[in-house]
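Below is one structure, written out as structure tokens, with a few remarks after it.
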């Protein structure tokens with residue numbers, strides 16, 4: 001007797017697995033951190049991170065999808081963005097992480113490692129050593145805090161990627177209820193949604209928030225009839241947001257202590273741009289990078305903000321060029337600085353301060 005043939009089900013759209021925008025995968029030893037039945041409060045902390053991000057950055061990011069992954073080492077966790085890994089580390093649920101902020105008076109027994117969010121030297125220690133480590137100057141946190149802080153840091157770093165068309169549309173819909181005239185007539189009459197999204201992403205990519213949507217949309221509406229170029233529009237929006245940009249880096253200062261650039265070097269870069277180039281000639285690029293690194297390190301030694309002040313015409317080029325090598329450096333244009341602020345050059349690129 002031949003066995004009946006069971007016909008395989010046809011493939012359908014239901015078989016297409018959607019990639020989570022934000023994901024957290026945990027090894028089996030970290031499951032207690034995300035299991036409410038075992039008093040795991042990582043879910044609550046991640047909700048808190050998402051709420052704080054929304055308040056700080058000005059839009060609601062996608063929810064974090066959490067799941068266990070038995071292919072990971074037991075104490076490992078992995079943070080993903082659109083299916084790609086953006087962070088991976090180990091956390092020990094039964095231990096504490098003692099982080100050395102740079103001024104500890106001794107060492108404690110444990111497993112040396114690095115704090116996954118900021119790369120500071122750290123040690124996984126037994127819970128009984130908490131007070132001893134704190135007395136020596138260590139910052140002591142539990143495994144849930146380690147994962148949550150790492151997640152928070154990576155979400156901030158990748159804010160631009162998290163503002164998809166859906167998130168932007170939700171933001172505009174919300175804004176439309178509060179200030180309908182602000183949104184009406186801009187999209188799609190003056191600008192397509194994709195251009196507005198690109199401007200917002202450009203701002204987020206340089207660590208800026210988009211809370212002041214009134215100024216952003218009013219500036220776009222004013223200049224959209226003259227240009228549809230997202231880079232040009234971003235520069236115009238940055239000028240409108242100038243006071244907020246400066247306040248972000250100099251919260252209370254009347255005098256801005258900045259890194260300046262030699263006039264001759266500014267001229268050479270400006271000429272290169274006018275000649276139609278969007279990249280910097282290799283020899284000049286090397287010198288520029290080395291000199292900027294030295295100036296940035298000097299600012300850090302002086303305990304000053306690492307902010308480079310340049311003419312508006314070359315700001316975008318320099319910001320893009322320097323971002324990968326010197327992520328801590330912020331590049332602002334002279335046009336973004338409010339007139340009532342005074343400027344003092346404390347370090348110099350291409351010359352002497």
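Out of the range 21-39, which residues are more than 17 Å from the chain's Cα centre (by Cα), buried (at least 18 other Cβ atoms within 10 Å of the Cβ) and in contact (Cβ under 8 Å) with a residue 40 or more places away in the chain?
Those that are more than 17 Å from the chain's Cα centre (by Cα), buried (at least 18 other Cβ atoms within 10 Å of the Cβ) and in contact (Cβ under 8 Å) with a residue 40 or more places away in the chain: 24, 25, 26, 27, 29, 30, 33.
Only one of 98, 122, 135 is crowded, with 19+ Cβ neighbours inside 10 Å and either over 26 Å from the mean Cα position of the chain (by Cα) or closer than 20 Å to residue 33 by Cα (or both); which?
98
So is residue 272 in a helix (DSSP H, G or I) and more than 16 Å from residue 331 (Cα to Cα) or not?
Judged against the criteria, residue 272 is a match.
What number of residues within the range 296-312 satisfy the criterion of being within 18 Å of residue 269 (Cα to Cα) and crowded, with 19+ Cβ neighbours inside 10 Å?
Of the residues in that region, 3 qualify.
Evaluate the range 246-262: report whether one residue or more is assigned to a helix (DSSP H, G or I), more than 25 Å from residue 350 (Cβ to Cβ) and under 22 Å from the mean Cα position of the chain (by Cα).
Scanning the range 246-262 turns up at least one residue that is assigned to a helix (DSSP H, G or I), more than 25 Å from residue 350 (Cβ to Cβ) and under 22 Å from the mean Cα position of the chain (by Cα).
Taking the condition touching a residue at least 60 places away in the same chain (Cβ under 8 Å), outside any helix (DSSP H, G or I) and in the same structural domain as residue 140 (by TED's automatic domain parsing), does residue 66 pass? Steps first, please.
Values: touching a residue at least 60 places away in the same chain (Cβ under 8 Å): no; outside any helix (DSSP H, G or I): yes; in the same structural domain as residue 140 (by TED's automatic domain parsing): yes.
So residue 66 fails the test.
Does residue 321 satisfy the condition of being within 18 Å of residue 241 (Cβ to Cβ), at pLDDT below 95 and out of contact with any strand residue (DSSP E or B) (no Cβ under 6 Å at 6 or more places or on another chain)?
no
Looking at (1) in a loop (DSSP other than H, G, I, E, B); (2) out of contact with any strand residue (DSSP E or B) (no Cβ under 9 Å at 6 or more places or on another chain); (3) within 15 Å of residue 256 (Cβ to Cβ), find the lone condition where residue 279 falls short.
Checking residue 279 against (1) in a loop (DSSP other than H, G, I, E, B); (2) out of contact with any strand residue (DSSP E or B) (no Cβ under 9 Å at 6 or more places or on another chain); (3) within 15 Å of residue 256 (Cβ to Cβ), the one that fails is (3).
Among the residues of the range 298-316 satisfying the criterion of being out of contact with any strand residue (DSSP E or B) (no Cβ under 9 Å at 6 or more places or on another chain) and in a helix (DSSP H, G or I), which is farthest from residue 274 (Cα to Cα)? Can you show your working first?
Residues of the range 298-316 that are out of contact with any strand residue (DSSP E or B) (no Cβ under 9 Å at 6 or more places or on another chain), as a first pass: 300-301, 303.
Within this subset, residues satisfying the condition of being in a helix (DSSP H, G or I) are 300-301.
Details: 300: 33, 301: 36 Å.
Looking at residues that are out of contact with any strand residue (DSSP E or B) (no Cβ under 9 Å at 6 or more places or on another chain) and in a helix (DSSP H, G or I), I get 301.
Against the definition (touching a strand residue (DSSP E or B) at 6+ places or on another chain (Cβ under 9 Å), closer than 20 Å to residue 329 by Cα and modelled with pLDDT of 95 or more), how does residue 209 come out, yes or no?
no
From the list 181, 226, pick out the single residue that is outside the structural domain of residue 305 (by TED's automatic domain parsing), at pLDDT below 95 and either at positive phi or surrounded by fewer than 16 Cβ atoms within 10 Å (Cβ to Cβ) (or both).
Criteria check complete, one pass: 181.
Whether any residue in the range 143-150 is surrounded by fewer than 18 Cβ atoms within 10 Å (Cβ to Cβ), touching a helix residue (DSSP H, G or I) at 6+ places or on another chain (Cβ under 7 Å) and farther than 21 Å from residue 21 by Cα is what I want to check.
no
The values are calculated or read from the model by the stated rules, or taken from the named source; none is laboratory data. These figures come from a predicted structure and were not determined experimentally. Note that we place each Cβ from the backbone using ideal geometry, even for glycine, and neighbour counts take in every protein chain shown.
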